[in-house]
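Asks: The structure follows.
The values are calculated or read from the model by the stated rules, or taken from the named source; none is laboratory data. Computed from a prediction, not measured in an experiment: that's the story for all the values here. Glycine also receives a Cβ, built like all others from the backbone with ideal geometry; neighbour counts cover every protein chain displayed. With ligands, DNA and RNA removed, areas are computed over all heavy atoms of the protein, side chains included. Shrake-Rupley method; radii C 1.70, N 1.55, O 1.52, S 1.80 Å.
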Amino acid sequence: MKQLPIIATLLTLAISLPGQPAAAQDAALQQGEFQGVPYLSGGVSLEEREQLFFTAADYNLRLLFAEKGGSYLSDTEVVVTTRDGRKVLELIAQGPFVFARLPAGEYRVAATNAGKQQVRDLQLSTKGQRQAAFYW
């Protein structure tokens, strides 16, 4: 009869362990907000990418930064503006991915890496996720 409390304790411990690495992964991601727009940035390590993609459904904009050969890039300056030029998001990406939650509308995304800028015009809707990749 004493085995039941031991088994229950071990099960509780086993169930709680997977949550601990996820909390550690959260700390490695750049999580922030710019003028009310929440964003996540990172993805340098496999663990960070797993955490980003686990939360991907919470964001309607997904950006990727890489070299033309496929190697991921970080330290990319990202500026998102509305159609009338109002800045709604600005950050330095801490990895190859940036996820953001913006209101539906038309936006211009300017990404600069190693002094070279690329620009994409995007339409975001209330449903789904828009993706844009930038390759240097």
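Asks: Would you please name the residue that is modelled with the lowest pLDDT, looking only at residues in the range 27-48 that are open to solvent by 70 Å² or more (accessible area, probe 1.4 Å) and within 16 Å of the chain's Cα centre (by Cα)?
Replies: Only one residue tops the list, namely ALA27.
Asks: Criterion first (in contact with a Lys or Arg (Cβ under 7 Å, 6 or more places away or on another chain) and either hydrophobic (A, V, I, L, M, F, W, C) or crowded, with 17+ Cβ neighbours inside 10 Å (or both)) does VAL119 satisfy it?
Replies: In short, yes.
Asks: Would you mention how many residues in the range 95-106 are surrounded by fewer than 21 Cβ atoms within 10 Å (Cβ to Cβ) and not acidic (Asp, Glu)? Don't jump to the end; show me each part of the working.
Replies: Filtering the range 95-106 for residues surrounded by fewer than 21 Cβ atoms within 10 Å (Cβ to Cβ) gives 101-106.
From the residues that got through so far, the ones that are not acidic (Asp, Glu) too are 101-105.
Looking only at that region, the number is 5.
Asks: To continue, here is another question. Restricting the first residue to the range 31-47 and requiring it to be part of a loop (DSSP other than H, G, I, E, B), which pairs with a second residue that is basic (Lys, Arg) and surrounded by 15 or more Cβ atoms within 10 Å (Cβ to Cβ) meet a Cβ separation below 6 Å and a spacing of at least six or different chains?
Replies: GLY43/ARG49
Asks: So, in the range 122-136, of the ones that are outside any strand (DSSP E or B) and among the polar types (S, T, N, Q), which residue ends up surrounded by the most Cβ atoms within 10 Å (Cβ to Cβ)?
Replies: The selected residue is GLN129.
Asks: Please determine, by comparing only the residues of the range 69-94 that are among the small types (Gly, Ala, Ser) and at positive phi, which one is modelled with the lowest pLDDT.
Replies: Out of the qualifying residues, it is GLY70.
Asks: Which of the residues spanning the range 111-129 are modelled with pLDDT of 95 or more, under 17 Å from ASN60 (Cα atoms) and not acidic (Asp, Glu)? Write out each step before concluding.
Replies: Start the filter on the range 111-129 by keeping residues that are modelled with pLDDT of 95 or more, which leaves 111-124.
Now restrict to residues that are under 17 Å from ASN60 (Cα atoms): 120-124.
Residues satisfying the conditions are ARG120, LEU122, GLN123, LEU124.
Asks: Kindly list, by first and then second residue, each pair from a residue in the range 118-136 that is over 20 Å from GLY69 (Cα atoms) to a residue that is in a strand (DSSP E or B) and open to solvent by 70 Å² or more (accessible area, probe 1.4 Å), limited to pairs with Cβ atoms under 6 Å and residues at least 6 apart or on different chains.
Replies: Cβ pairs passing all conditions: ASP121/ARG108; LEU122/ARG130; GLN123/GLU106; LEU124/ARG130.
Asks: Moving on to the next point. When the residues of the range 58-88 are filtered to those that are touching a residue at least 60 places away in the same chain (Cβ under 8 Å) and open to solvent by 50 Å² or more (accessible area, probe 1.4 Å), which remaining residue is farthest from the chain's Cα centre (by Cα)?
Replies: LYS68
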